[in-house]
1. When only DSSP loop residues count, what GluC sites (Glu not before Pro) in the stretch 170-276 have their Cβ near at most 14 other Cβ atoms within 10 Å?
2. Using a simple spin-label model with points 7 Å from Cα along the Cα→Cβ vector, what separation in nm is obtained for residue 339 and residue 196?
3. If you take the charge dipole of the stretch 506-708 about its Cα centre, with +1 on Lys and Arg Cβ and -1 on Asp and Glu Cβ, which of 570, 544, 649 is farthest toward its positive end?
4. Under 20 Å Cα to Cα from residue 241, which lysines show up? Leave out anything in the same chain fewer than 8 places away.
5. Local charge sum around residue 110 (other residues, Cβ-Cβ under 13 Å, Lys/Arg +1, Asp/Glu -1)?
6. Using a simple charge model, +1 on the beta-carbon of Lys and Arg, -1 on the beta-carbon of Asp and Glu, nothing else, what dipole does the stretch 530-573 show about its Cα centre, in debye to the nearest 20?
7. Under 20 Å between alpha carbons, and skipping anything fewer than 8 positions from residue 303 in its own chain: which lysines qualify?
8. So what are the three principal axis dimensions of the stretch 388-462 from its Cα atoms, in whole Å, longest to shortest?
Amino acid sequence: MAATDQETPVNINDERAIRRSKRQALIDAGIDPYPARSKVTAHAADLIAQYANLTDGEDTDDVQSLTGRIRAFRRQGKLAFIVLQDVTESIQLFCRHDVLGDAAWELLKQFDVGDIIGVTGPVVRTKRGELSIAAQEIQMLAKSCRPLPNKWSGLTDKETRYRQRYADLIVNPDVMTTFRNRSRIISAIRRYMEESQGYIEVETPILQETLGGANARPFITHFNALDQECYLRIATELHLKRCIVGGMERVFEIGRQFRNEGMDQTHNPEFTSMEAYCAYSDLEGMKRLTEGLFQAVATAVGKGDVITYQGKEISLKTPFRSAPMSELVSEVVGEKVSMETPVEQLRELLDARGLHYEQEWGVGRLIFTLYDELVEQTLVNPTFVCDYPVEVSPLAKRKPEDPRLTERFEMVVAGHEYANAFTELNDPVDQESRFQAQVDAKAAGDDEAMEYDYDYVRALEYGMPPAGGIGYGIDRMVMLFCDEPSIRDVLLFPHMRPEDFGGSNKKQEKNMAAEVLDAGITREKAFELLKQYNEDEYHILHGQQVEALMRYFAKQYDPANEEFWGLVGLLHDLDWEKWEDDQLHTVKAAELLAEAGANPALAHSIQTHNYDMNPELPTPTHKMECVLFAVDELSGLINACVRMRPSHSVMDFELKSLKKKFKTKSFAAGCDRDVIRHGAELMGMELDELFTSVINAEKQMVPTTECFE
């Protein structure tokens, strides 16, 4: 085809293309749409305060230069009004053709909402009472080639907001406030620790050769220069205590930790903590440190002694309540519970509330289970929960007066842990034996167990003074003081699943349906068929639950085929009650569906969830089929867990509860853990990630879930 000088026409319905054409028009006119220099003499908030007494219609000769983003723009003949937003506030620009001149007036035609510009002119107040800059000079600083999302309808999806945090900050002022407060909180913590408490801040390695300081699965990386496998740290504890050995009496570190685990509302694999250690201190010292710290943070963000978190009123008045775990359990169960309580009596308390336990558990573990399941969620005001049984705190120092208990507390606020403190173990021989126990646990299959840190034992052998130590979850603290419901709301850039940019993610592209699928059967007819072959109410409800789960995930992966996904879930166990045979399961369903006139593709997708029991059946390949395999068995385990909870509701069910029950093979033994693991593999997820996604899905479909109470 012969070359042509004609410009390619711009689609007037494609705003991005229009903006790009304006960018090119600026370049063609000899104007750099992205200059390197700009001038700033004032910010909007300062001018608003400085000229608060300027009367309507009054002008000044005070010329100022401001920069910022256009948030609103309208023209009226030879006048133009621009709302300019800078880092502090918004202010109006009052633009007149006769003042700016022809060239600058033409430049205004290339302006769009979202552009970053600079303006110079005197401060005035219009006759309508609006403080303004009467523009004398105006400059394009960064042409916006993509329209800003609409505040009310264009950026309300949580995942989009987290993924495009830059746009979220622009259009949602409350989000900007949260992250400014996060900065204030961290600064206040640092000032309190250094100036008020005399601690020094140190930096310890993020890349570590030995795993220690907590029980958690690590991220593993390779150090090429030394040809060495290393870990991203899971805690700062052991290095900070080395500093105590060396004579630094008060040390702390605010830093990132990395744990290769699941995500939920209060957990993220990459998070910020502060750990602090004080020589010649103990648990009481850590309590006083914590009370002062929370008071300092409240002051930094303009809060008083009472704050509100997710509708709960929380008192920060000191001293915070301090109580033994057994005392708190006694208050909730309505009878005296202690380490002297007979095992049989504790088992009766658990049985009466439908709580699971193992026969080999002792008094301490049983009391902790009552606390964990019944008490923690009820604690609203800050509470130091003390005297943890040694069975659930194997690395903590024992109490001299009762070696069945440990020198440990957790501080709980609004049902969540915010701090964990110990009177630190400083006996090298005891520490050596505990490290060995961790090594044995790892050899037995516990991939969260710590490793043996020979250098740390050597450090203790030089002598570490008695000390108190504490760790705080900074992200949770920000959630509390900013009244945010999720940890992702207080992380600027939370980790997200890779985004598919038009086919770059081949795995996702393969799993997406290429066309709308017709099931060949209506939902009404499918439900009648399910009831025809299933009389047990549980089987009918299970079909409805899996249907709801499939519809939930269809909205994420394949929204055009939500109905088809839903019917696959509803009918996946169509034949089980009548035949109850692994080899016939889904084979009979295919026959029944064929008789009902359903699309054979429906039966094919259903059959894939039994391929592990019958090798003649098709394997899961489509995303829909992988989801069915993953959620079927797991939803049954979650239902069993929820039925055991006092509330009988999934709404207060958390990842940690599911993880504990998953590891307890005797609990809901009919739910095959290997099938659940394989489901996670098919989904390309870690177990914790799959657990979290299905729990969140069930919370979105509460009426269906609560049918299983």
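The numbers here are math on the coordinates, done by the rules we state, and not lab data. None of the values given here were measured: they were computed from a predicted structure. All Cβ positions, glycine included, derive from the backbone under ideal geometry; neighbour counts span all protein chains shown.
1. Working: sites: 194, 195, 201, 203, 209, 229, 237, 249, 253, 261, 270, 275; in loops: 203, 209, 249, 261.
Passing sites in the stretch 170-276 are 203, 209.
2. Here the answer is 3.4 nm between the modelled labels.
3. 649
4. Leaving aside lysines fewer than 8 places away in the same chain, those within reach of residue 241 are 287, 397.
5. Numbers: positive: 19, 20, 22, 23, 75, 109, 143; negative: 28, 32, 106, 112, 115.
Computed value for this residue: +2.
6. Values: 3 positive and 8 negative charges, 33 e Å.
My answer is approximately 160 debye.
7. Output for residue 303: 312, 317.
8. Here the spans come out as 38, 30, 21 Å, largest first.
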